[in-house]
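Notes to accompany the following structure.
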Amino acid sequence: MNIFSRLFKIGQAEANSAVDQLEDPIKMTEQGLRDLRQDLDKSLHALAEVKAMAIRSRNEAASFRTKAQDYETKAVLLLQRAHRGDLATAEADRLASEALGKKTENEAQAERAAADQQKFEVSAQQLDANVQTLKQTIGTWENELKTLKARAAVSSATKTINKQLAQLDSSGTVALLERMKEKVAVEEALAESYGEIAQESRTVDQEIDKALEQSAGGKAAADLQALKQKLGLAEQPQQ
């Protein structure tokens, strides 16, 4: 293989790869369905035209047969008139011969039209079979498209989740949690430290006042008891 052939092969492979990457299964299927529907429209149009030609041939055959029968009837009438003496025999024979000739021509035309009708009907049957096949194919791929869309949605969601899971840094996450735990422990210790400092920072005057409040409370209780005894309201100790 020469260098030009190799370059061509390489370029062809890269082009095919690019095409593969650009191909969207959903879009390609939808495009395929559009093409099938266009084919169906064309087939239906062709079927209608062929059926119309078959109908016209059938009508022509019927018309030619009617004309042939009319010419035969006219030939009979001419001969009958000659027999009655209403028309010269030679003239009657001449005209009857012409009528029979017309009859033969119309019969030939009727046979031709009938043959055309048969051919058109065969073509119509073939086209109708193609139409039915296209309809069935379109119906099948419309259902396939629904399935493909559902599968594509699931695969896209699954791919996204798996991609996120694949990119998770578990060690980094654990390290982050450990740092948060350590930070909370530091905050708790700091709060306790401030509490101890607050206790230690009370002034001597505050301690004296607190002790006096306790003493004042005891003296007030003693004074109340002495007053009750003076008024005779003090409770007597039980014997």
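The values are calculated or read from the model by the stated rules, or taken from the named source; none is laboratory data. Just so you know, these numbers come straight off a predicted model, no measurement behind them. Because the Cβ atoms are built from the backbone with ideal geometry, glycine has one as well, and the counts that use them run over all protein chains shown. In case anyone asks, the SASA skips ligands and DNA or RNA and just uses the protein heavy atoms, side chains included. Shrake-Rupley method; radii C 1.70, N 1.55, O 1.52, S 1.80 Å.
Of note:
- Evaluation of Leu7 against (1) open to solvent by 100 Å² or more (accessible area, probe 1.4 Å); (2) under 29 Å from Ile138 (Cβ atoms); (3) at pLDDT below 90 (one fails), failing number: (2)
- Pairs, first touching a residue at least 12 places away in the same chain (Cβ under 8 Å) in the range 119-145, second in a helix (DSSP H, G or I) and among the acidic types (Asp, Glu), C-beta under 9 Å, six or more apart: Asn130/Asp39; Leu134/Asp39; Leu145/Glu30
- Failed criterion for Val122 (all others in (1) farther than 30 Å from Lys42 by Cβ; (2) part of a helix (DSSP H, G or I) hold): (1)
- Residues satisfying the stated conditions in the range 165-179, i.e. open to solvent by 90 Å² or more (accessible area, probe 1.4 Å) and at pLDDT 65 or above: Leu165, Leu177, Glu178, Arg179
- Applying the set (1) modelled with pLDDT of 95 or more; (2) among the basic types (Lys, Arg); (3) exposed (fewer than 14 other Cβ atoms within 10 Å of the Cβ) to Arg56 leaves exactly one unmet item: (3).
- Per the conditions (1) without any contact (Cβ under 8 Å) to a residue 40 or more places away in the chain; (2) part of a helix (DSSP H, G or I); (3) open to solvent by 80 Å² or more (accessible area, probe 1.4 Å), the sole criterion not satisfied by Tyr71 is (3).
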